[in-house]
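The values are calculated or read from the model by the stated rules, or taken from the named source; none is laboratory data. What you see is a predicted model; the values in this text were computed from it and never measured. Please note: Cβ atoms are built from the backbone with ideal geometry, for glycine as well, and neighbour counts cover all protein chains shown.
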Amino acid sequence: MIHAEAKERIAKLRKEIDRYRYQYHVENRLEISEAALDALKHELYKLEQQFQDLVTKDSPTQRVAGKAIAGFRKVRHDVPMLSIEDAFSRKEADEWLERMKKLRSRATFDFYADPKMDGLAMSIVYVDGEMTVAATRGDGKIGEDVTHNVRTIDAVPLVLRRPSDHEIDAFLKRWHGHCDAAQVRRTLTSHAGRLEVRGEAYMTKKQLERLNKMLAKRGDPVLANPRNAAAGSIRQLDPKIAAERGLSFMSYGLFGDHGLATCEQRHEALRLIGFPVNAHAKYCASLDEVETVFTRLHDRREELDYWIDGLVVNVNDDELFASLGVVGKTPRAILAWKFPAEQGTTVVRDVIVSVGRTGVLTPVAVLDPVQLVGTTVTHATLHNEDEIERLGVKIGDTVIVEKAGDVIPKVIKVLPKLRTGKERAFHMPKKCPICGSPVERREGEVATVCTNKRCFAQELQRLLHFVGRNAVDIRGVGDKIVEHLLQEGLVREPADLYKLTPEDFLGLEGFAEVSSKKLVDEIQAHRRVPFDRFLNGLGIRHVGEETATDLARHFGSFEKFRHATKEDLMSVNGVGEVVADAIVEFFKDHIESKRVDHLLDVVHIERTERQAAGKLAGTSWVITGTLDAMGREEAKEKIRARGGDVSESVSKKTTYVVVGFDPGSKADKAKKLGVDILDEKEFLKIIR
């Protein structure tokens, strides 16, 4: 990026970040995710590091946050509550350490790592051991006086605890020679003077769930996330409302003339004077040990009863910490090592079109590389023409991209205020980009489809779908192999796979005699196929894994299913007119019918036992959101084992919708249709 482009980009980023930061800190709302805002700030920080002459005093990287909320008394912090530099990888953490070593080349660096709580940062001042004022962070220098609400938090002592002589002696013995023992003893015994405790006011997952149920019953809006829950509770004018919310508090900082010398000591002292500190906070002798703590917390964070989004890493030694100073409004000696983001910002460089097994054309955004959930994302689906129009996305736009777990990355929002005027619109092609055949968009459908059913792209995707893990599950037959087999004319349809010999693979890169025979043996081992997997593998339009299971359980055998009428099909739960028409159309197609016959000559379809009667017989279920007690697949099996049907979509035929954590639009549709909604506890009670 040249200097002029960087200058324009930096100006636009600053304006947008300031707008979002004002929403977040002053208005207590945010129209994009915190992960997306972090990504914008990180991009700005990197650009300013590259073009340091463009750094200005009013840049968001040079200040902390917005103004204090009107309606509360203002409190000036004796020690500013500064911001923390973000890192999103081990490489960036190493760069942070190298920068400090250049300033203090002879120093020995060790660290204290503390889980980064997702709540609201607080400062609580004690004079002679009694709480005098509690304040929010505000703009870092001036916060809001919320003492009346913080007093309602049980985790916050109104009067500091006085440790026993035994506890103090043990503490001083442990840190003998590494702290001012006399001052520490005075601080712990008398609490004389001024002490400031900093920490995070937060809400547990269970408490948020209980609170939202209570709010929903009263007809009040539910709280979207833990940060909003904590901020909204602390900023109540009526302390009775704050008390009802049931907040918790986790401490991490202690300021004053206390005689302590390290971050680790301060955490131990906080516990002694009555404050909770995070049980997962650890002393780390090196960044390798920090990374171990980071990885363990990332893997276990769903088990915790509170939300965290990373690890705060402090240089452990206070004297060394202070000597490293501050850059702008950020201390050099502290780092927020963030978990891999599920959302980030990037730029759309192009839009290409892929063709799926049913001929559907899917626009795909080509992106500047962005790190999401530990992977580098360069492509994201735009779904269809209607979605492009809804998003308003153009080539050249800055967008927010989301990737949750193994889900395909998708563009979820455009940031139009970052446009330069050089962006250009994308239009779906009139012809298939693979075979050149005309495309069509059927009335009432959002998909644009290639009209050539024998299009190479469709044949490739259909074969890959047939061998996939949710269908026949033939391991080792991947994209390159199938493409080679199609191009060489060795395979034209799924049945041809079973006629292959080891010699057919010898021309492929990486295949020798042994590996070729092994792959042929793998294919031959899948001549017996469960009915539902076979049905899913056929690639009938609108028939996915869940519908295939429902059809197999209803009809029992493939022959009965193949000759079913439209009315027979529509009697199956979850099968409507669109799905029934697609199935009938599939078997009426002469070529498709022939291909099925060819498959029946080489595979044996295992019958599916018709669904037995059980306590849930005659009921239809949809599961949305994340369950704590079990995975969704396990929950579905438990329903089926008791005679119930499971569907992926909510309709008037649906009996119950089970709602877990973070449910999608299915819960809203259930409300509109008047379908009974169960939480996880109610669901477990029924299946037990």
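Take the residues in segment 5-28 that are within 26 Å of the chain's Cα centre (by Cα) and either part of a loop (DSSP other than H, G, I, E, B) or small (Gly, Ala, Ser) (or both), then tell me which one is modelled with the lowest pLDDT.
Among residues in segment 5-28 that are within 26 Å of the chain's Cα centre (by Cα) and either part of a loop (DSSP other than H, G, I, E, B) or small (Gly, Ala, Ser) (or both), the one modelled with the lowest pLDDT is Val26.
How about segment 571-688: which helices (runs of 4 or more DSSP H) wholly inside it have at least 1 residues that are touching a helix residue (DSSP H, G or I) at 6+ places or on another chain (Cβ under 8 Å)?
577-588, 590-602, 632-641, 680-687
Please specify each residue of segment 365-383 satisfying the condition of being assigned to a strand (DSSP E or B) and surrounded by 19 or more Cβ atoms within 10 Å (Cβ to Cβ).
Ala365, Leu367, Val370, Leu372, Val377, Ala380
Do you know which of the residues in segment 282-317 that are among the acidic types (Asp, Glu) and under 23 Å from Glu95 (Cβ atoms) is surrounded by the fewest Cβ atoms within 10 Å (Cβ to Cβ)?
Asp288
Here are Ala580, Ala564, Ala548, Ala525: which of them is free of Cβ contacts under 8 Å to residues at least 24 places away in the same chain and under 33 Å from the mean Cα position of the chain (by Cα)?
Ala548
Looking only at segment 29-65, which residues are modelled with pLDDT under 90, closer than 30 Å to Ala229 by Cβ and charged (D, E, K, R)?
Selection gives Arg29, Glu31, Glu34, Asp38, Lys41, Arg63.
Quick one: Thr346 ticks every box in (1) under 20 Å from Gly199 (Cβ atoms); (2) part of a strand (DSSP E or B) bar one, so which box is it?
So Thr346 meets the others, but not (1).
For segment 223-242, how many residues are among the hydrophobic types (A, V, I, L, M, F, W, C) and surrounded by 17 or more Cβ atoms within 10 Å (Cβ to Cβ)?
Here the count works out to 6.
Restricting segment 173-185 to residues that are surrounded by fewer than 17 Cβ atoms within 10 Å (Cβ to Cβ) and among the hydrophobic types (A, V, I, L, M, F, W, C), which is farthest from the chain's Cα centre (by Cα)?
Restricting to residues being surrounded by fewer than 17 Cβ atoms within 10 Å (Cβ to Cβ) and among the hydrophobic types (A, V, I, L, M, F, W, C), the top hit is Ala182.
To keep it simple, each residue is scored yes or no on (1) in a helix (DSSP H, G or I); (2) buried (at least 21 other Cβ atoms within 10 Å of the Cβ); (3) in contact (Cβ under 8 Å) with a residue 24 or more places away in the chain; (4) small (Gly, Ala, Ser).
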{"position": "Thr187", "(1), (2), (3), (4)": "yes, yes, yes, no"}
{"position": "Ala201", "(1), (2), (3), (4)": "no, yes, yes, yes"}
{"position": "Pro221", "(1), (2), (3), (4)": "no, no, no, no"}
{"position": "Gly259", "(1), (2), (3), (4)": "no, no, yes, yes"}
{"position": "His267", "(1), (2), (3), (4)": "yes, yes, yes, no"}
{"position": "Gly274", "(1), (2), (3), (4)": "no, no, yes, yes"}
{"position": "Ala279", "(1), (2), (3), (4)": "no, no, no, yes"}
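Among the residues of segment 651-688, write down those that are in contact with an Asp or Glu (Cβ under 9 Å, 6 or more places away or on another chain), surrounded by 17 or more Cβ atoms within 10 Å (Cβ to Cβ) and of a type in the set (A, V, I, L, M, F, W, C).
Val657, Val658, Val659, Ala670
Look at Ile153 and say whether it is in contact (Cβ under 8 Å) with a residue 60 or more places away in the chain, hydrophobic (A, V, I, L, M, F, W, C) and more than 27 Å from Ala35 (Cβ to Cβ).
yes
State all residues of segment 423-462 that are in contact with a strand residue (DSSP E or B) (Cβ under 8 Å, 6 or more places away or on another chain), charged (D, E, K, R) and over 21 Å from Val393 (Cα atoms); if no residue qualifies, say none.
Correct list: Lys431, Glu440, Arg442.
Could you list all residues from segment 503-535 that are assigned to a helix (DSSP H, G or I), β-branched (Val, Ile, Thr) and either in the same structural domain as Thr547 (by TED's automatic domain parsing) or surrounded by 15 or more Cβ atoms within 10 Å (Cβ to Cβ) (or both)?
Of everything in segment 503-535, those that are assigned to a helix (DSSP H, G or I), β-branched (Val, Ile, Thr) and either in the same structural domain as Thr547 (by TED's automatic domain parsing) or surrounded by 15 or more Cβ atoms within 10 Å (Cβ to Cβ) (or both) turn out to be Val520, Ile523.
Is at least one residue of segment 646-662 among the small types (Gly, Ala, Ser), at positive phi and under 30 Å from the mean Cα position of the chain (by Cα)?
The answer is no, given that none of the residues of segment 646-662 is among the small types (Gly, Ala, Ser), at positive phi and under 30 Å from the mean Cα position of the chain (by Cα).
From the set of residues in segment 308-340 that are of a type outside the set (A, V, I, L, M) and part of a strand (DSSP E or B), which is farthest from Ala107 (Cα to Cα)?
For segment 308-340, the residue satisfying everything is Asp309.
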